[in-house]
Amino acid sequence: MPRYGFYDRLTSHFPSQLIVDLTEICNLKCIHCPHPQFKLSEHYAGRLLEVALNTKLADEVRTDSDGSCQYIRYTSNGEPLSHPHAHEMIQYAVDHSGTFVTLTTNGTILNERKMEQLLDSGLHMIDISIDALSADTYSKIRGGRLDQVDRNVRRLAQRIQQDKFRTKLVVSFIRQPLNSHEADDFVRYWQDLGIDQVLIRDLHTAAGVLGGEHNEQGQPSDRRPCLYPWERLTLDPRGELGFCPTDWTYSSVFADFRTTTIKQAWQGHFMQQLRAAHMNNDFKCHGFCGQCPDWRLTQWPDNGRSYANLVEDLKVEK
């Protein structure tokens with residue numbers, strides 16, 4: 001019988017994962033990503049997260065989490081390294097949060113200076129989203145140049161191996177119709193280059209924004225609770241806390257981080273009510289979750305491996 005609720009790495013005390021969404025700005029136009037539509041919408045303003053709020057988050061992880069926070073993940077509804085203070089913010093989290101710190105990037109602007117800064121910071125993991133093996137497929141899916149990213153990742157891997165930096169290097173691939181035929185060769189190519197982990201991800205709908213095989217809701221009675229309300233919170237570039245990492249319309253925002261704490265938000269009335277809605281399959285007061293099909297892709301600890309397991313594996317290796 002499946003278990004749902006707080007158990008294993010999931011605690012009622014503090015989220016096991018914190019997503020820091022540094023910026024809305026991105027330099028690619030990936031076909032599996034809502035950013036091109038997001039950039040044209042009323043929700044977009046090219047925002048950058050305030051440095052002080054990143055400091056506040058890292059300090060709260062150290063003082064309030066009691067070891068419950070598995071990791072802080074710097075990612076974005078844009079490209080995190082587009083933030084002019086990304087390096088300093090990541091450095092502060094590594095030095096002061098007391099937990100594992102990761103960065104997810106598209107790798108296109110990971111030049112020598114940025115690479116040296118990240119490695120010198122002691123950043124624990126860099127996850128580079130690539131999604132293709134051939135230049136043609138990369139161009140169709142991501143709208144950029146694969147040779148540029150390939151060169152950056154190879155240089156980064158060589159630097160880590162040569163000088164024995166502790167940073168773990170992951171490359172990832174979202175399986176979809178245009179690239180599925182390259183998945184196996186993608187894994188072999190990067191494994192042969194000594195990458196720590198090669199991750200093949202499932203395509204999701206970004207909380208229903210994009211179409212796809214998972215976009216059908218099916219019968220309401222078939223639905224199970226989504227993992228996210230028991231696992232993570234997101235700090236967005238507006239300085240607000242949300243409960244969904246795939247939200248592109250700020251519809252999951254429920255608190256201003258300037259006037260609350262992560263611990264208070266996590267334990268507060270709103271999150272308790274949201275969890276009850278998922279447990280009872282009653283979303284009349286939570287329409288954003290009610291229309292989202294991506295609950296199918298979340299993996300509870302008893303039900304399969306997830307990104308959290310990848311992080312745990314790499315933490316053990318370090």
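What the table shows:
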read-out	value
Relative contact order [Cα under 8 Å, 6+ residues apart], region 1-78, whole percent	54
Listed residues Arg232, Arg166, Arg113, most fluctuating in the chain (Gaussian network, C-alpha, under 10 Å)	Arg113
Length-normalised contact order of the chain in % [C-alpha pairs under 8 Å, at least 6 apart]	21
Cα-centre dipole for the chain with unit charges at Cβ (Lys and Arg positive, Asp and Glu negative), debye to 20	60
Surface accessible to a 1.4 Å probe, Arg47 within the full protein complex, Å²	70
Extension gain (nm, one decimal) between Asp202 and Gln148, 0.36 nm per residue minus Cα-Cα	17.0 nm
Region 1-65, dipole about Cα centre (Lys/Arg Cβ +1, Asp/Glu Cβ -1), debye to the nearest 20	220
Rg in Å to one decimal, and Dmax rounded to a whole Å, for region 26-92 via C-alpha atoms	14.5, 41
Segment His85-Met279, length gained on full extension (0.36 nm per residue, minus Cα span)	65.8 nm
Per residue, in Å², the accessible surface of region 129-193 once ligands and nucleic acids are set aside, probe 1.4 Å	51
Partnerless Cys - the chain, beta-carbon criterion under 4.7 Å	Cys26, Cys69, Cys226, Cys244, Cys285, Cys289, Cys292
Share of carbon and sulfur in the accessible heavy-atom surface of region 1-110 [1.4 Å probe, %]	54
Hits among aspartates and glutamates - C-alpha to C-alpha of Lys56 under 18 Å, sequence gap 8 or more where chains match	Asp21, Asp64, Asp66, Glu88, Asp95, Asp236, Glu240, Asp256
Positive-end residue of His83, Thr55, Cys26, charge dipole of region 4-100 with Cβ unit charges	Cys26
Spin-label pair Asp8/Ser180, simplified geometry with 7 Å Cα→Cβ offset, distance in nm	2.7
Spin-label model distance (nm) - Ser41 vs Lys315, 7 Å beyond Cα toward Cβ	3.2
Spin-label pair Ala135/Gln191, simplified geometry with 7 Å Cα→Cβ offset, distance in nm	2.7
Ellipticity estimate at 222 nm from DSSP helix runs (n ≥ 4, -39,500 (n - 2.57)) divided over the chain, nearest 500	-10000 deg cm²/dmol
Residue with peak Gaussian network fluctuation, the chain [Cα springs, cutoff 10 Å], from Glu182, Glu79, Glu24	Glu182
Bridge type composition, the chain - antiparallel percent by DSSP, nearest 5	20
Cα centroid separation, region 1-58 to region 153-181 (Å)	22
Approximate shape of the chain as ellipsoid semi-axes (Cα gyration tensor, √5λ), whole Å, largest first	29, 24, 19
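The values are calculated or read from the model by the stated rules, or taken from the named source; none is laboratory data. On a predicted model such as this, the values are computed, not experimentally measured, just so you know. Methodologically, a virtual Cβ is constructed for each residue, glycine included, from the backbone with ideal geometry; neighbour enumeration extends over all protein chains shown. The protein model used for the area step is the full one, side chains on, heavy atoms only, and it has no ligands, DNA or RNA in it. Shrake-Rupley method; radii C 1.70, N 1.55, O 1.52, S 1.80 Å.
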